[in-house]
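S.K.: Could you have a look at this structure, given as structure tokens, before my questions?
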């Protein structure tokens, strides 16, 4: 079960994605005539998807618009159901929890790009920041989310425990190897 990496290359965007980007741009009053004018920046940190910041100049050229394009990875069904994940993201987006969903295409979605940074350990110890996180988590957990309400990960993993591909992080790099998971029953 390897996670397939597709890789977006400037000028080689899937047709469906091009249509979504042109639609999003036009909703914002921008015109993307030349798709080669799109700037595609690969981002790090996604575990099962490929994510890219895609930018284009605005009509007046004063600044660039930014969106995040998420291309779904393959071979992750042992960990979660992609359809449930998509439903959950759409619900969160609709309720203002996380980035807005701007468009979908067969192999992924276009999301609002949020300029942010990862919180540090010191940030998490700050009482004001911790209070904000707690309040946001309460809002999130009060949402009536679609999909199954039970934990399914362990059942899925125990059903497919032999020959599973294991990912692990060491020395700043992700590694994947075939292995066996035991003791899940």
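S.K.: Mind giving me the nanometre distance, one decimal, between the label points for residue 81 and residue 28, set 7 Å out from Cα along Cα→Cβ?
M.R.: 3.4 nm
S.K.: What distance in nm separates the two pseudo spin-label positions at residue 19 and residue 43, each 7 Å out from Cα along the beta-carbon direction?
M.R.: 2.5 nm
None of the figures in this text is laboratory data; all of them are computed from the coordinates on show. Remember, predicted model here, so these are calculated numbers, not experimental data. Glycine gets a Cβ as well: all are built from the backbone with ideal geometry, and neighbour counts include every protein chain shown.
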